[in-house]
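**Q** Please read through the structure below; I'll follow up with questions.
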Amino acid sequence: MGFKSSLLKSKLLKRTVKVGAKLTPKILVVSVANIILKGIAEFSEILYDLDKRTAFVNVTLYGEEEPIEIALDGFEILGDEENYQFILHKAQSNKPWMNNILSRIVGKAWDIPSIPQYKDEIGFVASLLEAENPEQETVNEIA
């Protein structure tokens with residue numbers, strides 16, 4: 001196992017990243033998101049808690065007047081060192097059409113593509129969002 005692999009599997013690094021995420025000013029997160037999505041969307045608010053697995057975004061799509069509010073409750077990554085899946089347990093929005101989209105993805109396991117050159121990094125992110133206990137690993141399929 002290489003140094004990078006060992007470092008990314010370190011519990012200390014995992015705790016440090018979680019603390020860093022908690023201490024990152026929300027204005028910085030919003031600013032970076034707005035730079036990346038310039039001309040597509042503008043975020044006015046992003047709140048998240050990795051420990052509670054919750055997130056809230058308030059975003060206005062480019063050319064639109066009204067913002068979209070999306071609340072996520074319960075998300076995780078399941079898998080082993082080779083294959084990972086993202087699961088979103090609950091989500092809702094202030095827009096009926098967005099709720100229809102969310103209803104199609106909530107409760108389903110979505111494969112995270114395997115990219116060999118980023119295997120260690122994907123594993124690290126997965127470890128940040130892995131299921132905390134067996135009850136969280138149960139997925140209720142929503143049809």
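The values are calculated or read from the model by the stated rules, or taken from the named source; none is laboratory data. Computed from a predicted model, the values in this text were never measured in an experiment. Note that each Cβ is placed from the backbone with ideal geometry, even for glycine, and that neighbours are counted across all protein chains shown.
**Q** Could you please find all residues in the range 45-89 being touching an Asp or Glu at 6+ places or on another chain (Cβ under 9 Å), of a type in the set (Ser, Thr, Tyr) and either under 28 Å from Ile115 (Cα atoms) or at pLDDT below 90 (or both)?
**A** Narrowing the range 45-89 to residues touching an Asp or Glu at 6+ places or on another chain (Cβ under 9 Å): 45, 51-62, 67, 69, 76-79, 83-89.
Checking which are of a type in the set (Ser, Thr, Tyr) leaves us with 54, 60, 62, 84.
Thr54, Tyr84 - these are the residues of the range 45-89 that are touching an Asp or Glu at 6+ places or on another chain (Cβ under 9 Å), of a type in the set (Ser, Thr, Tyr) and either under 28 Å from Ile115 (Cα atoms) or at pLDDT below 90 (or both).
**Q** Under 9 Å between Cβ atoms, which residue pairs at least 6 apart in sequence (or on different chains) link something in the range 69-85 that is on the phi > 0 side of the Ramachandran plot and assigned to a strand (DSSP E or B) with a partner that is modelled with pLDDT of 90 or more and small (Gly, Ala, Ser)?
**A** Here the result reads Gly74/Ala91, each pair linking the range 69-85 to a residue that is modelled with pLDDT of 90 or more and small (Gly, Ala, Ser).
**Q** Out of all the residues in the range 117-143, which are polar (S, T, N, Q) and either in contact with a Cys (Cβ under 7 Å, 6 or more places away or on another chain) or at pLDDT 80 or above (or both)?
**A** Pass one, the range 117-143, residues polar (S, T, N, Q): 117, 127, 133, 136, 138, 140.
Once the filter is applied, which keeps residues that are polar (S, T, N, Q) and either in contact with a Cys (Cβ under 7 Å, 6 or more places away or on another chain) or at pLDDT 80 or above (or both), the range 117-143 yields Gln117, Ser127.
**Q** Return the total of residues in the range 67-81 being over 25 Å from Ser44 (Cβ atoms) and out of contact with any helix residue (DSSP H, G or I) (no Cβ under 8 Å at 6 or more places or on another chain).
**A** In the first step, residues of the range 67-81 are kept if they are over 25 Å from Ser44 (Cβ atoms); the result is 76-81.
Remaining after also requiring out of contact with any helix residue (DSSP H, G or I) (no Cβ under 8 Å at 6 or more places or on another chain): 80.
Number satisfying all stated conditions: 1.
**Q** May I pose another question? How about the range 15-47: which of its residues are over 17 Å from the mean Cα position of the chain (by Cα), part of a loop (DSSP other than H, G, I, E, B) and surrounded by 10 or more Cβ atoms within 10 Å (Cβ to Cβ)?
**A** Lys38, Ile40
**Q** From the list Ser114, Ser103, which residue is at pLDDT below 90, surrounded by 11 or more Cβ atoms within 10 Å (Cβ to Cβ) and among the hydroxyl-bearing types (Ser, Thr, Tyr)? Give the derivation first.
**A** Details: Ser103 fails: at pLDDT below 90.
Criteria check complete, one pass: Ser114.
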